[in-house]
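These notes are about the structure you will find just below.
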C-alpha cells in the first residue's frame with residue numbers, strides 16, 4: 001500500500017487519540033451524573049419512608065405508591081421516546097435513531113417490570129388479591145409482552161440495517177396498540193383507582209405526599225436518562241467495534257494481495 | 001397501474017395457487033377441527049359452561065390457526081425469490097401486502113363460515129338466531145388479524161426461528177381484538193343477545209389504524 | 001427478435017457502499033455504464049456482483065452513495081422500474097403456476113397491453129411453447145432458466161441485468177442464449193451480465209472485474225489497472 005497506507009494509519013491513530021480524550025472528559029461528567037442520581041434516589045427513599053405521612057386507610061403499604069407510579073411514568077415516557085426513535089429511523093435511516101429506540105425500549109421494559117412487581121404487592125393487602133385484570137395493570141402487562149417481543153425480534157435478525165428497519169416497524173405497530181389495549185380493557189373492567197393526580201375534582205393528595213412523589217419522580221427520571229445514555233453508548237461502541245473489525249480485515253486482505261503481487 | 005388493480009392481480013395469484021394446492025386452507029381447517037374436539041375433551045363443559053367458554057374458544061382457535069397459516073405467506077415467496085419479482089414490478093409495494101392480506105382474510109373467513117356451525121353443534125349452543133351479527137364480528141376481528149399477521153409475516157420471513165417468532169410478535173398486538181371480539185361474541189350468545197357498539201368500533205378502529213399503518217410503512221416492509 | 005425499444009437505460013454508481021453488518025459487499029464503488037452497452041461482470045464468489053446487479057435493479061438500497069439511471073432523468077421511479085429486467089440466481093417464478101400463467105401474471109403487474117399475444121410470443125421465443133401449460137415446478141433446470149429469461153423479457157425492458165444466465169443451460173441452450181443476448185444488444189438494450197462462462201462473456205463489448213466489493217479492472221479504462229497491486 002505504501003504512503004497511502006501510512007497516511008491512513010496516521011489518520012486513524014489521530015481519531016483514536018481524539019476519541020480517547022473526549023471519552024475521558026465525557027466519562028467524568030456521566031460518572032458525576034451517576035453519583036448525583038444515586039444520592040437523589042437515596043434521599044427520595046428516605047423521604048418516602050420518613051417524611052411522607054402515613055396514609056389513613058391503606059397504611060404504610062401506600063408508600064409503594066411513590067415507586068409504583070413514578071416507575072410507571074418513567075416506563076411510559078421511555079416507550080414513548082422509543083416510538084419516536086422508530087419513526088426517526090424510518091424517516092432518516094440513521095442508526096442513531098435505532099440505538100435510541102432500543103435503549104429506551106430496554107429501560108422502559110425494566111421500569112414496567114418494576115410496576116408489574118410493585119402492583120401486586122400493593123394490591124394484595126388493599127384489594128385482597130395479588131392480581132386483577134383491570135385496565136392499567138393489564139395494559140402494563142401487554143406493554144411488557146409487546147416490548148419483550150420487540151427485543152426478541154431484534155435478537156433474531158442479525159444484519160444491523162435490516163434489524164433496525166424491521167424492529168422500527170414493529171415498534172410503531174406495538175406502540176399504536178397501547179391506546180387500543182387501554183380502552184378495550186377499560187371498557188372490559190376497571191377496578192384500579194381513578195388517577196389521584198389530575199383526575200378531576202375530588203382527587204388530589206396531601207401536599208407533602210405530592211412533594212415526596214415529585215422528588216421520587218425526579219430521581220427515577222434521572223435514572224432513566226443515564227440508563228438510556230449508557231445503553232445508547234453501548235450500541236454506538238458495538239458499531240464502532242464492527243467497523244474496526246471490518247477495517248482490520250480489509251487491511252489484512254490488502255496485505256495479502258500485496259504479497260501475491262510480489 | 002392503480003393500487004386496486006395491482007392488489008387484485010396479487011390477490012388473484014394467491015387464490016389461484018391456493019386453489020391448486022389447498023395447503024393453507026387444509027391445514028387451518030384441520031387445526032380448528034382438532035381444537036374444537038380437544039377443548040371439549042379437556043374441559044367436558046356442561047351446556048351452561050359451554051355458553052360461557054365458547055366465545056373465547058372460537059377466537060383463540062382462529063387466532064392460533066391464523067398464526068399457523070400466516071407463517072407460510074411470505075416464506076412461500078422465498079422459494080424462488082418471487083418476492084424480488086414482485087418488487088421489481090412497477091406497482092405500489094402496498095399492493096403486495098394488501099393482495100396477501102385479502103387472500104389470508106378470505107382463507108380464514110371460509111374456515112369461519114365452515115366452523116361456526118360445527119362449534120355450535122359440538123358445544124350445544126344455538127348460534128342461528130345471531131349468525132349474521134356473529135359473522136360480522138368475526139370478520140372484523142379476522143381482518144385485523146390478517147392485516148397485522150401478514151405484515152409480521154413479511155417482517156419475520158428472513159429472521160431466525162421465524163416459526164416461533166411470529167406468534168410471539170402477533171398475539172400481544174392482537175390483545176385488543178381478542179378482548180373486543182370475545183366480549184362482543186359473549187353478548188351475542190348471552191341470554192339477551194345484543195351487540196355492543198363499543199366492541200364493534202374497537203374492532204373497526206383496530207382495522208382502520210393498522211391498514212393505514214401498513215399502507216404508510218409498506219415500502220419498508222418488502223425491502224431487502 | 002425485437003424486445004428492446006429504441007432508447008435504453010444506462011446506470012451510474014457513485015461511490016456506492018453496501019454493508020451487511022460488518023460485511024462490506026460493495027466498497028465505495030464508482031462505475032458508469034452508458035445506454036446500449038453490453039458489459040460482462042467477472043469476479044470470484046462474494047465479490048459483489050449480485051449486489052451490484054440487484055442495486056441496479058433497485059432491489060437493494062446502497063448504505064451510502066447513489067445509484068442513478070442514465071436516460072431516466074424525467075421518469076418517475078415506477079417508470080424506471082418498468083424499464084428494468086432481471087434474471088436472478090433463482091427463477092423468480094411460481095412453481096405452482098404454469099409457464100403461461102406465470103408470464104400472464106407478470107404481464108398484468110406491468111399493465112401490458114395485448115398481454116395474451118405477448119405471452120405467446122415470448123414463450124415461443126424462449127422455446128417453451130410446447131410446455132406452456134405445465135407447472136413451472138415440473139421444469140428441468142434449463143427450462144426454468146428459459147422461463148426466468150422469458151419473465152424478464154415480457155415487459156420489453158431497456159436495461160437488462162443477468163446474474164449467471166448460462167447456469168443450467170446445455171450447449172444448445174447456451175447457443176440460444178448467445179443469440180438472444182446478441183439480438184437484445186443489437187436492438188439497443190443495455191445489458192449487464194455476471195458470468196463465469198467465457199463464450200457467453202465474449203459477446204460483451206466491455207468487461208469489468210470485481211474483487212472484494214471493489215472495481216479491480218475495467219476494459220473501458222483502456223486496459224489500465226485501477227489500483228496499485230493489481231498485476232496485468
* What number of residues within segment B:183-213 satisfy the criterion of being assigned to a helix (DSSP H, G or I) and either in contact with a strand residue (DSSP E or B) (Cβ under 7 Å, 6 or more places away or on another chain) or facing chain A (nearest Cβ under 9 Å) (or both)? -> 9
* Asked: Within segment A:145-164, can one find any residue that is at the interface with chain B (Cβ under 8 Å from one of its Cβ atoms), surrounded by 24 or more Cβ atoms within 10 Å (Cβ to Cβ) and under 20 Å from residue B:215 (Cα atoms)?
  -> no
* Structure fact -> When every residue in segment A:232-249 that is surrounded by 13 or more Cβ atoms within 10 Å (Cβ to Cβ) and more than 28 Å from the chain's Cα centre (by Cα) is compared, the one farthest from residue A:27 (Cα to Cα) is A:249
* Hey, among the residues in segment A:48-67 that are buried (at least 20 other Cβ atoms within 10 Å of the Cβ) and out of contact with any strand residue (DSSP E or B) (no Cβ under 9 Å at 6 or more places or on another chain), which one's farthest from residue A:225 (Cα to Cα)? -> A:52
* To do: Check segment B:148-164 and report whether any residue there is over 29 Å from residue B:95 (Cα atoms), in contact with a helix residue (DSSP H, G or I) (Cβ under 8 Å, 6 or more places away or on another chain) and not in a loop (DSSP other than H, G, I, E, B).
  => no
* Could you run through segment C:70-83 and say how many residues are under 16 Å from the mean Cα position of the chain (by Cα) and at the interface with chain B (Cβ under 7 Å from one of its Cβ atoms)? => 2
* Structure fact -> Here, helices (runs of 4 or more DSSP H) confined to segment C:43-157 with at least 3 residues that are within 30 Å of residue A:165 (Cβ to Cβ) and in contact with a helix residue (DSSP H, G or I) (Cβ under 8 Å, 6 or more places away or on another chain) are C:99-109
* away from chain A (no Cβ under 11 Å), over 30 Å from residue B:79 (Cβ atoms) and surrounded by 17 or more Cβ atoms within 10 Å (Cβ to Cβ) - does that describe any residue in segment B:146-165? -> no
* To do: Report yes if some residue within segment B:15-24 is touching a residue at least 24 places away in the same chain (Cβ under 8 Å), over 30 Å from residue B:125 (Cβ atoms) and more than 14 Å from chain C (Cβ to nearest Cβ); otherwise report no.
  => no
* To do: Go through segment C:11-42 and give me each residue that's part of a strand (DSSP E or B), on the phi > 0 side of the Ramachandran plot and within 12 Å of chain A (Cβ to nearest Cβ).
  => C:28
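Taking into account only those residues within segment B:166-176 that are in contact (Cβ under 8 Å) with a residue 60 or more places away in the chain, more than 27 Å from residue B:91 (Cβ to Cβ) and in a helix (DSSP H, G or I), which is farthest from the other protein chains (Cβ to nearest Cβ)? Give the derivation first.
As a first pass, look at segment B:166-176 and keep what is in contact (Cβ under 8 Å) with a residue 60 or more places away in the chain: B:166-167, B:170-171, B:174.
Of the ones still in play, those that are also more than 27 Å from residue B:91 (Cβ to Cβ) are B:167, B:171, B:174.
This time we only want the ones that are in a helix (DSSP H, G or I), so: B:167, B:171.
Details: B:167: 10, B:171: 8 Å.
Once the filter is applied, the top-ranked residue is B:167.
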* Does residue A:205 satisfy being at pLDDT 90 or above and surrounded by fewer than 21 Cβ atoms within 10 Å (Cβ to Cβ)? -> no
* What do you reckon, is residue B:84 modelled with pLDDT under 95, part of a helix (DSSP H, G or I) and within 14 Å of chain C (Cβ to nearest Cβ)? -> yes
* Asked: Among A:244, A:214, A:248, which is the only one that is more than 22 Å from residue C:27 (Cα to Cα) and in a helix (DSSP H, G or I)?
  -> A:214
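Within the bounds of segment C:125-132, is there any residue that is within 17 Å of the chain's Cα centre (by Cα) and not assigned by TED's automatic domain parsing to the domain that holds residue C:166?
Looking for residues that are within 17 Å of the chain's Cα centre (by Cα) and not assigned by TED's automatic domain parsing to the domain that holds residue C:166, one finds at least one in segment C:125-132, hence yes.
The values are calculated or read from the model by the stated rules, or taken from the named source; none is laboratory data. Remember, predicted model here, so these are calculated numbers, not experimental data. Using ideal geometry, Cβ is built from the backbone for each residue, glycine included, and neighbour counts are taken over all protein chains shown.
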